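Asker: Provided herewith is a single structure, encoded as structure tokens, for subsequent inquiry.
The values are calculated or read from the model by the stated rules, or taken from the named source; none is laboratory data. Owing to the predicted nature of the structure, the values given are computational and were not obtained by experimental measurement. Here the Cβ positions follow ideal geometry from the backbone for every residue, glycine too, while neighbour counts run over all protein chains shown. Accessible surface areas use protein heavy atoms only, side chains included; no ligands, DNA or RNA. Shrake-Rupley method; radii C 1.70, N 1.55, O 1.52, S 1.80 Å.
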Amino acid sequence: MKDYYDEDGRPVDAPGRAQESKKYPVMPLRNTVLFPQQVIPIYIGREKSLRLINDLDTQQKHIVVVAQEDGSIEDPTPEDLYSFGTLAVVLKVFDMPDNSKSAIVQGVERVKLLNFTSNDPYFLAVVEAIPEVEHPEDLELDALANNLRKIFGDLIKVAPNLTEEHSGMLSNIHKPSRLADRAISLLTVSNSEKQKVLEELDIKKRLEHTNAIITREIQRIKLGEEIQSEVHDEIAKSQREYYLREQMKAIRKELGEDEGTVELKELGDRIKAVNMSEEAEKVALKELDRLTKIPTQSPEYSVARTYIEWLVDLPWSNSTDDTVDVVKAKKILDEDHYGLNRIKERIVEYLAVRELKQRKDPDGSVRGPILCFAGPPGVGKTSLGKSIARSMGREFIRISLGGVRDEAEIRGHRRTYIGALPGRIIQSLKKAGTNNPVFMLDEIDKLGMDFRGDPSSALLEVLDPEQNYSFSDHYLEVPFDLSKVMFISTANYSDPIPPALKDRMEILEFSGYIEDEKVKIAQQHLIPKQIEENGLTEEDVALDVTGIKELIRSYTREAGVRNLEREIANVFRKVARDKVEKKSKKVRITKKKVNGYLGAPRFYSDLAERTTKPGVVIGLAWTAAGGDILFIEASKSKGKGHLTLTGQLGDVMKESATAAMSFVRSHTARLGIPDDFYEQTDTHIHVPAGSIPKDGPSAGVSMLAALVSLLTGFKVKDHLAMTGEITLRGNVLPIGGVKEKVTAAHRSGIKTIILPNHNRKDLEEIPDHIKKDLEFHFAKDMLDVIKIALPEVKPIKIKKAPAKKDKAS
């Protein structure tokens, strides 16, 4: 068989082989690999390639055709070409209308490009011919060749671009090397795959590689057909379902039961059933009438339907019946929370008023109170809201306002926006299903504001009893009555709340728990809860009072009880582990065992030590974690009357120290202090601990007493503490936090306390078992304080000098 052809396609003998020493012009091909004996047309458009074709000898039209590694390169360099190519003969050249050319070329044999001798006007290179090594009567080669013909026949059955004619072409090729080249040239695989076959000189490996490529192509085509079949089946199924639905619609429409009609009828019935306000019902019916004229496929249809559904889902007239048994409600509140008597009394008062009003007018309504629980974290503000709802028999809703900056979170978005929804007030009422729930607005002091509006301003209407009976949400655009809702807000600090919003709420201060209250809370609530959560029983563990107090004093420092609960859980986990590992019996946890379980104490309370030196006074301080005692230390040195204040004191505390010094300097004669002491003495007042910031006016009496003690040389009475604000005239003004301060003094071993006279009424809040251990003195001015704290100092009463007589008289 002849494998070469002339320009007219007639078979001819093989053209001349490559000569090693001869230079051949090289034509780069973008996206084609030419194999020996393969005839292909090539398009010639690049300037170098056109020059190469034009310069060809009419007798010897041999060129080397080599593929580019990257077909996107317009002007390749030798480094961009593969090192193996094909010697080819140009059979015919055609001129194209756009001044480019097209040529028919036929591959002759494999060649290796040794080196390029010229790059301009086109590539010239010295090449080495790669002879084909024949393997006569090699059984393995025959088997590989037969397998190639077989799988190529399989490929023809599935490949759309191959026909039986191509299979016949392969059956007439007997040389295994040419068989592989012809087969791979007919495939639509990547140039890099074809180039690998071209560069493979071992005929066995070339056949194996070709077999692998054909097998992979068969698998790829079959997989593609399977995917296409699945997609087609899915499309056919969807079309079938569509036709069936359309038929169902037509049948329902014929029967007067089409989907749109049924849905509209249901909405109409629901509008009449929910007993909404007259204005809201009018708007809902108008929107329903508009809905009947909108095609169901229109996006506007779903918007209008969603709006009507929101209207009918709201609890316009659905209310829960309040508990009328005041005693039962009080019992529920006491079960859930220890202390907090003022708040409990306020809820019981509301229930009592409601009961009396219902007796007079069963159909009348009582406006829900709007309360604000202000206090430090962990004192039970949020959980008390749940207890209030339970005691009243109402639903409980809570939304957190911390970090909310968008007014639409409260009032909702207008329906003109895509995806618009009502605000969180209306959403929560829909979720609750009643129009009189207990509604908790948590963290109201942490509301923000930005370009999207001010949520706190939107709350003004919500929390105003004179306005919230007709609250208007931007989405609903019809008034909704919020007057039956009992709103409770919580805040850690009341100062950040805007004045207008604060004015609409009844603020109830949570001062934090004293030690005795924490002990009771632990015994009644925290310990039983943690015993259950840690898989223990009361037969396994008991935490006595000394252990609880050790946890409060040495391992927590807080106003609430959250950390106390964590530490109790920490102890019980260790007990549970001991029970599992050591099979321990009932464990009684004392102070010593608490230290053993939790390690060294984290906090140390300042114990009231004997003030052995003049100038040291014990004051009382209020902190967010409760009360504490405070040591005021004063010392003097030679100088010129300078007053130094240290201990991270705030401006108010510094001013109190300055006022105390001014009082001492103006009353030196009465106090028995030299008049000129400040001319030769510098005074230093220090308040430990230096790393903790301190401020407030209540340390004024302590600072003045410390200065008098220092300058007179007499020490303050043992186990005595004092608190109060002073004026330049020496008056003692009232202070806050008396309950916490007195409790801290009792805990620290104080026996005598001096308080401002105006704080006498605050002793009512202090437990009796604490009051009976303490002696209280009430001072109207600083001379009263000095008489009690420094009995050795005897203030001298200065008689007024008689008025001088006029000499002229």
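Asker: Just for the range 471-508: of the residues that are closer than 24 Å to T320 by Cα and of a type in the set (G, A, S), which one is nearest to the chain's Cα centre (by Cα)?
Answerer: Selected residue: S489.
Residues are listed down the side, and each one gets a yes or a no for (1) under 26 Å from H209 (Cβ atoms); (2) touching a residue at least 12 places away in the same chain (Cβ under 8 Å):
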residue	(1), (2)
R51	no, yes
T58	no, no
H62	no, yes
S100	no, yes
R110	yes, yes
Y122	no, yes
A125	no, yes
L144	yes, yes
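Asker: Next question, about the same structure. Please name all residue pairs, on different chains or six or more residues apart, with Cβ atoms under 7 Å, provided the first residue is in the range 283-298 and is under 18 Å from W310 (Cα atoms) and the second residue is open to solvent by 50 Å² or more (accessible area, probe 1.4 Å) and basic (K, R).
Answerer: That search, which allows pairs on different chains as well, returns L291/R305.
Asker: In the range 562-587, what residues are hydrophobic (A, V, I, L, M, F, W, C) and open to solvent by 20 Å² or more (accessible area, probe 1.4 Å)?
Answerer: Listed by number, the residues that qualify are A576, V580.
Asker: A further question follows. Could you list, in sequence order, the residues of the range 271-288 that are in a helix (DSSP H, G or I) and either open to solvent by less than 80 Å² (accessible area, probe 1.4 Å) or at pLDDT below 85 (or both)?
Answerer: If the condition is that a residue be in a helix (DSSP H, G or I) and either open to solvent by less than 80 Å² (accessible area, probe 1.4 Å) or at pLDDT below 85 (or both), then I271, K272, A273, A280, E281, V283, A284, L285, E287, L288 are the ones that fit.
Asker: So, one more: How many of the residues in the range 631-658 are buried (at least 17 other Cβ atoms within 10 Å of the Cβ), small (G, A, S) and at negative phi?
Answerer: Residues flagged as buried (at least 17 other Cβ atoms within 10 Å of the Cβ), small (G, A, S) and at negative phi within the range 631-658 amount to 3.
Asker: Out of everything in the range 42-59 that is assigned to a loop (DSSP other than H, G, I, E, B) and in contact with a strand residue (DSSP E or B) (Cβ under 9 Å, 6 or more places away or on another chain), what residue ends up being surrounded by the most Cβ atoms within 10 Å (Cβ to Cβ)?
Answerer: R46
Asker: Only residues in the range 626-655 that are of a type in the set (S, T, N, Q) count as the first member; pair them with residues that are assigned to a strand (DSSP E or B), Cβ under 6 angstrom, at least 6 apart or cross-chain, and list the lot.
Answerer: Close Cβ pairs satisfying both conditions: S635/H684; S637/D682; T644/H684; T646/H686.
Asker: Which one is farthest from A745 (Cα to Cα), of the residues in the range 599-634 that are at pLDDT below 80 and more than 41 Å from the chain's Cα centre (by Cα)?
Answerer: Out of the qualifying residues, it is T612.
Asker: Out of curiosity, is A145 out of contact with any Gly (no Cβ under 6 Å at 6 or more places or on another chain) and closer than 24 Å to T86 by Cβ?
Answerer: yes
Asker: Being open to solvent by 60 Å² or more (accessible area, probe 1.4 Å), more than 15 Å from R415 (Cα to Cα) and part of a helix (DSSP H, G or I) is the filter here; which residues of the range 291-312 pass it?
Answerer: T292
Asker: While we're on this one: Given (1) surrounded by fewer than 17 Cβ atoms within 10 Å (Cβ to Cβ); (2) modelled with pLDDT of 85 or more, where does Q195 come up short, assuming only one miss?
Answerer: Evaluating Q195 over (1) surrounded by fewer than 17 Cβ atoms within 10 Å (Cβ to Cβ); (2) modelled with pLDDT of 85 or more leaves (1) as the failure.
Asker: Restricting the first residue to the range 714-733 and requiring it to be at positive phi, which pairs with a second residue that is open to solvent by less than 70 Å² (accessible area, probe 1.4 Å) and not in a loop (DSSP other than H, G, I, E, B) meet a Cβ separation below 6 Å and a spacing of at least six or different chains?
Answerer: G724/V701; G724/V732; G724/P756; G730/F663; G730/D781; G730/M782
Asker: Counting just the residues of the range 671-689 that are touching a strand residue (DSSP E or B) at 6+ places or on another chain (Cβ under 7 Å) and not in a loop (DSSP other than H, G, I, E, B), which one comes out nearest to I629 (Cα to Cα)?
Answerer: Restricting to residues being touching a strand residue (DSSP E or B) at 6+ places or on another chain (Cβ under 7 Å) and not in a loop (DSSP other than H, G, I, E, B), the top hit is H686.
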